[in-house]
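Asker: Here it is, the structure, as structure tokens.
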Amino acid sequence: MTKLTWLRKNLFSSWYNSLLTVICLLLLFWTVWGLLNWAITQAQWAVIWVNLRLFLVGRFPQALYWRVWIVLAIASTFSAITVGVFFSKQQLTKGQAAYALITGFLCLIFPWDLTSRLWLLLIAVLLLTGFWLGGKFHQLIAPWLSLIWLLSFPVILWLIGGGFGLQPVSTNLWNGLLLTLLMAVVSIILSFPIGVLLALGRTSYLPVVRWFCICYIEIVRGLPLIGILFLAQVMLPLFLPTDLRLDRLLRGVAGLVLFSAAYMAENVRGGLQAIPMGQIEAAKALGLNTPLVVILIILPQALRAVIPAIVGQFIGLFKDTSLLSLVGLVELTGISRSILAQPQFLGRYAEVYLFIGLIYWIFCYLMSLASRRLERQLNISQ
């Protein structure tokens, strides 16, 4: 079917379809033209360029930026290796070209200093190297991939927070995108296993375990996230010894994890219900005990079946970190308030929130892209 035939069949098949098509095109043109005209002639993008460091790392000491660059280099390298392990060579070639273009674009448009440009170029080289290593040695690296990420996380926290030979950096200075990513990653890593355990507990034959999990899931799902965050900030210290004071950041993580785990449990429970009882009975007939049946038979199939729902929960959790600004944590959305309070940028809400929205969209789209790739890799549709 040619493009002209497709247009006639789908957009101009009758007089009213043709009229609707023309009206929609005019509305689309009017909207796009208005946005472009505003972005080029009216918007003051200086609010982004001047405050770019605040958006990215907030009040993190400028003399210690090298530690943030090292963290970015570690995360980028391991991410590239992970992509190299799971993606085909053709997709890797396209990805390498895309990263090269993105890196060149960032070097050109953003007002980086020479040191930052050199760091960015080094990270681009590490990305390409990671792609090559993951694609070349995927069979050797794949079994150790989870362990590599697990071991890298304490190193990342050490570099950001300091201690053990490095100058300590208070969590009050962990702001902007740095704090958003850190809170999202920690909450995702902790809420996933807790959600799986809650889902297994809700299907347990032990009444105490089952009813505890049911009560927890239903109570937490019936509360708004902002309420749980306030409870974590105010009520959690009351249950701890008076000489033990949890950092606000830890309390924020606790609120996100407790909330997300309840929703994760229901997503996983949907996968558990999709497993035929015949497989469980066959596994027990082969002599497998209950823990092995769960670990080797039930969970792999259940998690495989609900990958879209799990990734959707991760995306929602990443966006929910924006609520942390309401409990005193200055993440990406919270730092925008400080920027908009600057006298020379009063009222530049559109530019600031469009930039923040673009950042959220990029990370959410990357998670969605990884989810679709994993689904194709595991042949979920079959």
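Asker: Please report, ordered by residue number, the helices (runs of 4 or more DSSP H) entirely within the stretch 3-84 with at least 2 residues that are more than 30 Å from Pro343 (Cβ to Cβ).
Answerer: Result: 3-10, 15-37.
Asker: Could I ask something else about it? I'd like the full set of residues that are part of a helix (DSSP H, G or I), open to solvent by 70 Å² or more (accessible area, probe 1.4 Å) and free of Cβ contacts under 8 Å to residues at least 40 places away in the same chain, limited to the stretch 225-242.
Answerer: Leu231, Val234, Leu238, Phe239 - these are the residues of the stretch 225-242 that are part of a helix (DSSP H, G or I), open to solvent by 70 Å² or more (accessible area, probe 1.4 Å) and free of Cβ contacts under 8 Å to residues at least 40 places away in the same chain.
Asker: What tally of residues in the stretch 293-302 results from selecting those that are surrounded by fewer than 19 Cβ atoms within 10 Å (Cβ to Cβ) and free of Cβ contacts under 8 Å to residues at least 60 places away in the same chain?
Answerer: Matching residues across the stretch 293-302 total 6.
Asker: Every residue in the stretch 155-187 that is open to solvent by 80 Å² or more (accessible area, probe 1.4 Å) and assigned to a helix (DSSP H, G or I), please.
Answerer: The answer is Trp158, and nothing else.
Asker: Would the stretch 141-152 turn up any residue that is assigned to a helix (DSSP H, G or I), at pLDDT 90 or above and either open to solvent by less than 50 Å² (accessible area, probe 1.4 Å) or touching a Pro at 6+ places or on another chain (Cβ under 7 Å) (or both)?
Answerer: Taking every residue of the stretch 141-152 in turn, at least one turns out to be assigned to a helix (DSSP H, G or I), at pLDDT 90 or above and either open to solvent by less than 50 Å² (accessible area, probe 1.4 Å) or touching a Pro at 6+ places or on another chain (Cβ under 7 Å) (or both).
Asker: So, one more: Are there any pairs, at least 6 apart or on different chains, whose C-beta atoms fall under 7 Å, with the first in the stretch 262-285 and farther than 29 Å from Ile219 by Cα and the second buried (at least 18 other Cβ atoms within 10 Å of the Cβ), and if so, which?
Answerer: That search, which allows pairs on different chains as well, returns Gln279/Ile297; Ile280/Val293; Ile280/Ile297; Ile280/Ile298; Ala283/Val293; Ala283/Ile297; Lys284/Val293.
Asker: Regarding the stretch 346-353, can at least one residue be identified that is surrounded by 15 or more Cβ atoms within 10 Å (Cβ to Cβ), touching a residue at least 60 places away in the same chain (Cβ under 8 Å), of a type outside the set (D, E, K, R) and closer than 30 Å to Trp49 by Cβ?
Answerer: Checking the stretch 346-353: at least one residue is surrounded by 15 or more Cβ atoms within 10 Å (Cβ to Cβ), touching a residue at least 60 places away in the same chain (Cβ under 8 Å), of a type outside the set (D, E, K, R) and closer than 30 Å to Trp49 by Cβ.
Asker: Scan the stretch 303-338 residue by residue and report those that are free of Cβ contacts under 8 Å to residues at least 60 places away in the same chain and open to solvent by 50 Å² or more (accessible area, probe 1.4 Å).
Answerer: Correct list: Lys319, Arg337.
Asker: Applying the selection to the stretch 302-340, what residues are more than 30 Å from Ile275 (Cα to Cα) and of a type in the set (Gly, Ala, Ser)?
Answerer: Hits for the stretch 302-340 are Ser322, Ser325, Gly328, Gly334, Ser336, Ser338.
Asker: Could you list, in sequence order, all residues of the stretch 359-382 that are open to solvent by less than 60 Å² (accessible area, probe 1.4 Å) and part of a loop (DSSP other than H, G, I, E, B)?
Answerer: Ile380 - this is the single residue of the stretch 359-382 that is open to solvent by less than 60 Å² (accessible area, probe 1.4 Å) and part of a loop (DSSP other than H, G, I, E, B).
Asker: Additional query: Pull up the stretch 243-261, narrow it to residues that are among the basic types (Lys, Arg) and farther than 24 Å from Ile217 by Cα, then point me to the one that is most open to solvent (accessible area, probe 1.4 Å).
Answerer: Arg245
Asker: Right, here's the next one. When the residues of the stretch 188-206 are filtered to those that are at pLDDT below 90 and over 13 Å from Arg269 (Cα atoms), which remaining residue is surrounded by the fewest Cβ atoms within 10 Å (Cβ to Cβ)?
Answerer: Applying the filter and picking the extreme gives Tyr205.
Asker: Checking the condition closer than 30 Å to Leu366 by Cα and over 18 Å from the mean Cα position of the chain (by Cα), which residue from Arg245, Arg251 passes?
Answerer: Arg251
Asker: Right, another one. Determine whether Ile356 is under 21 Å from Ser79 (Cα atoms), at pLDDT 85 or above and in a helix (DSSP H, G or I).
Answerer: no
Asker: Quick check on the stretch 1-60: of everything there that is more than 37 Å from the chain's Cα centre (by Cα) and charged (D, E, K, R), which residue is most open to solvent (accessible area, probe 1.4 Å)?
Answerer: Per the stated criteria, the residue is Lys3.
Asker: Of the residues that make up the stretch 146-155, is at least one under 24 Å from Arg245 (Cα atoms), without any contact (Cβ under 8 Å) to a residue 60 or more places away in the chain and among the polar types (S, T, N, Q)?
Answerer: No - not one qualifying residue is present in the stretch 146-155.
Asker: Tally the residues that are farther than 16 Å from Thr203 by Cβ and assigned to a loop (DSSP other than H, G, I, E, B), restricting the search to the stretch 274-291.
Answerer: Final tally of qualifying residues: 4.
The values are calculated or read from the model by the stated rules, or taken from the named source; none is laboratory data. On a predicted model such as this, the values are computed, not experimentally measured, just so you know. Neighbour counts are summed over all protein chains in view; Cβ atoms, including those assigned to glycine, are modelled from backbone coordinates with ideal geometry. Heavy atoms of the whole protein, side chains included, go into the accessibility calculation; ligands, DNA and RNA do not. Shrake-Rupley method; radii C 1.70, N 1.55, O 1.52, S 1.80 Å.
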